[in-house]
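Here is the structure we will look at.
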Amino acid sequence: MFGKKFRHRSVGAVLKELRRYDTKDHFVFFSDDNFTANKCRARKLMEAMIAEEFRFQWSTQVRADLAAIRIWFA
């Protein structure tokens, strides 16, 4: 929000926090317009979330010009 650089938390830090909400009763929303600004980081986070087999549902908001990320889920 302030400054000219993207700041982000590590994938490990995000996963640690998400583990607190790992029940079917929770819904996680990432309020981050720049969620896919760094495609490599977004991919690593989503692959890590898949590997964790989280039970909650989740969603995010993204800027349309940054949403061109291709991740296929098996």
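Numbers below:
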| quantity | calculated |
| --- | --- |
| Computed lengthening from Asp22 to Thr60, 0.36 nm per intervening residue step minus Cα-Cα distance | 12.0 nm |
| Under 5 Å, built H, 5+ apart or other chain: amide partners of Val28 | Gln57, Trp58, Ser59 |
| Contour minus Cα-Cα distance for Val14 and Lys39 (0.36 nm per residue) | 7.4 nm |
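Coordinate-derived values only; no laboratory data. What you see is a predicted model; the values in this text were computed from it and never measured.
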